[in-house]
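The numbers here are math on the coordinates, done by the rules we state, and not lab data. Predicted, not measured: the structure shown is a model, and the values here were computed from it. Cβ atoms come from the backbone with ideal geometry, glycine included; neighbour counts cover every protein chain shown.
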Amino acid sequence: MVRTSEATVAGEETYRLGEGPRWDAAAGRLLWVDIHAGAVHRGRLDDRGLVEVTSRTVLGEQVGAALPREDGGLVLAGQEHVLLLDADGAVTRGVRVVPAGSGRRCNDAATDPAGRLLVGTLSLAGGSTREVLVRLEADGSLTTLDDDLGQANGIAWSVDGRRLFSVDTTRHTVLVRDHDPATGATGPRRAHLVLDDLLPDGITVDADDHLWVALFGAGQVRRYAPDGTLADVVRVPAPNTTSMALAGDDLRTLVVTTAAAELDDEQRQEHPLSGRLFSTRVDTPGLPATPWRAGA
């Protein structure tokens with residue numbers, strides 16, 4: 001039986017394209033971005049599921065994701081490069097992921113169980129079939145896992161690290177492939193979930209190996225069992241749900257990001273909470289995220 005629940009507003013601010021929430025356990029804070037504003041946000045999560053913004057950094061470019069680094073700073077999926085953001089606000093431009101002038105940008109990113117960074121891309125004009133999912137290697141080179149995606153999006157791993165999940169949004173598909181957590185080696189990809197007319201966006205895995213999927217345009221976050229059976233639906237009072245994180249000290253507060261972008265005036269009036277953060281409590285905790293390890 002599918003369980004259904006409701007998420008409630010977790011913050012007062014509205015984001016054009018809120019994305020990529022991550023729980024930074026070492027610092028006890030929530031991280032998320034507003035892609036269109038080029039802003040990285042840090043916040044405090046209380047026991048009511050409310051998020052207080054504690055600081056933000058605004059970059060001069062779009063930013064797809066912000067992840068903790070082992071040394072205490074952040075690693076970012078910048079518009080075209082991997083960026084390093086230090087605690088003092090200094091930004092260092094790292095490896096280029098997207099060719100200059102290609103009309104594309106970096107999108108979601110995640111770290112694998114060993115601390116290696118994976119980044120996906122999308123076309124700013126849409127309609128692409130050449131987007132990539134790449135892994136940053138210890139020597140600074142990039143290994144391409146996919147080069148034929150419509151829109152690379154969420155990235156996550158199974159509890160044992162032996163399966164890598166990734167999203168191709170425009171093909172309505174969550175992909176899966178075998179993954180060696182020690183070396184990062186991957187096997188051939190296959191479809192894990194095909195969601196027909198729905199648009200999967202961000203994903204995360206919980207301690208029971210269930211996959212959470214944000215559905216852009218549907219105002220929902222869904223939880224799927226390992227065999228692909230739908231187990232839970234969390235309704236969100238904003239249609240453009242983008243991603244989620246299992247956050248807090250017990251990793252049992254589901255924090256959902258949403259977007260105000262891509263809504264017309266009538267839709268904004270109908271859904272005035274679009275672009276806010278939302279949260280709800282869940283029974284099964286998430287998995288601690290591994291910080292990015294330079295040289296991993």
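So here's what we get for this one:
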quantity: Most mobile of ALA90, ALA247, ALA100 in a GNM of the chain (Cα contacts under 10 Å); calculated: ALA90
quantity: Loop sites in segment 234-296: trypsin sites (Lys or Arg not before Pro), DSSP, at most 12 other Cβ within 10 Å; calculated: none
quantity: Local net charge near GLU6, Cβ-Cβ under 13 Å (Lys/Arg +1, Asp/Glu -1); calculated: +2
quantity: Computed helical MRE - 222 nm, the chain, DSSP H runs ≥ 4 contributing -39500 (n - 2.57), nearest 500; calculated: -500 deg cm²/dmol
quantity: Ranked by how many other beta carbons lie within 10 Å on average, peptides 8-15, 109-116 from highest; calculated: 109-116, 8-15
quantity: For ASP108, distant residues with modelled amide H under 5 Å away; calculated: GLY120
quantity: Neighbourhood charge, 12 Å Cβ-Cβ cut-off, centred on ARG223 and excluding it, Lys, Arg +1 and Asp, Glu -1; calculated: -3
quantity: The chain - charge dipole about Cα centre, Lys and Arg +1 at Cβ, Asp and Glu -1, debye rounded to 20; calculated: 260 debye
quantity: Gap separating the Cα centres of segment 76-126 and segment 9-64, nearest whole Å; calculated: 17 Å
